[in-house]
1. From the list A129, A139, pick out the single residue that is part of a helix (DSSP H, G or I) and within 27 Å of N76 (Cα to Cα).
2. Could you check how many residues of segment 106-117 are assigned to a loop (DSSP other than H, G, I, E, B) and either exposed (fewer than 13 other Cβ atoms within 10 Å of the Cβ) or among the polar types (S, T, N, Q) (or both)?
3. Would you mind stating whether K103 is at pLDDT below 95 and in a helix (DSSP H, G or I)?
4. State yes or no: is R155 without any contact (Cβ under 8 Å) to a residue 24 or more places away in the chain, farther than 22 Å from G81 by Cβ and surrounded by 13 or more Cβ atoms within 10 Å (Cβ to Cβ)?
5. Would you mind stating whether G86 is touching a Ser or Thr at 6+ places or on another chain (Cβ under 6 Å) and surrounded by 17 or more Cβ atoms within 10 Å (Cβ to Cβ)?
Amino acid sequence: MKDALAQQEQIEMEQVALLDEVDRKIIDLTQSGLPLVSHPYGNIGQQLGISSSEVISRMSKMKQSGVIRRIAAVPNHYALGYKANGMTVWDVPDDLISELGHKVGELDFVSHCYHRPRFLPEWPFNLFAMVHAHDHDEARKLMATIAELLGENDRGHDILFSTKILKKTGLRFNL
């Protein structure tokens, strides 16, 4: 697993090496988040002397190439009143993981859903889905909704509640 992560990091570094100076500056200005203004792409463009449409076009190309993985809001769930954040973990058939993962990931209360390796015999779970609720009872009801969706493909599950807020960041580049 560590080798795969190191290999992915190497690929990303090579992709960044192919970027021109403007793309590098866009990454530098956005990797900690978009500016909190009404027109963030215009703000970035103004700093670089280019139009907002060029910023959007360049970021789209970097997203298509994999340099940028995603552009998304990262809300502070605690500040919004969602104090019971739980990673639901599921044992589902490996041959259905993609299909089931997409179904679970489409639920409006699931913020992210992904496939992870099992570590048998201690850890049989291969599908993870994060839910955010106001309290533990609500989170368990959301987990029950996922269980109903999975039906007979749910061969076991659990929920792991967050005890701390961890800052979520991706790979950062010093450009």
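The values are calculated or read from the model by the stated rules, or taken from the named source; none is laboratory data. Remember, it's a predicted structure, so these values are computed and weren't measured experimentally. Don't worry about glycine lacking a Cβ; one is built from the backbone with ideal geometry, like all the others, and counts go over all protein chains shown.
1. A139
2. First, the residues of segment 106-117 that are assigned to a loop (DSSP other than H, G, I, E, B): 106-109, 116-117.
Going one step further and asking which of them are either exposed (fewer than 13 other Cβ atoms within 10 Å of the Cβ) or among the polar types (S, T, N, Q) (or both), we end up with 106, 108, 117.
The number of residues fulfilling the criteria is 3.
3. When the stated conditions are applied, K103 does not pass them.
4. Values: without any contact (Cβ under 8 Å) to a residue 24 or more places away in the chain: no; farther than 22 Å from G81 by Cβ: yes; surrounded by 13 or more Cβ atoms within 10 Å (Cβ to Cβ): yes.
Considered against the rule, which asks whether it is without any contact (Cβ under 8 Å) to a residue 24 or more places away in the chain, farther than 22 Å from G81 by Cβ and surrounded by 13 or more Cβ atoms within 10 Å (Cβ to Cβ), R155 comes out as no.
5. no
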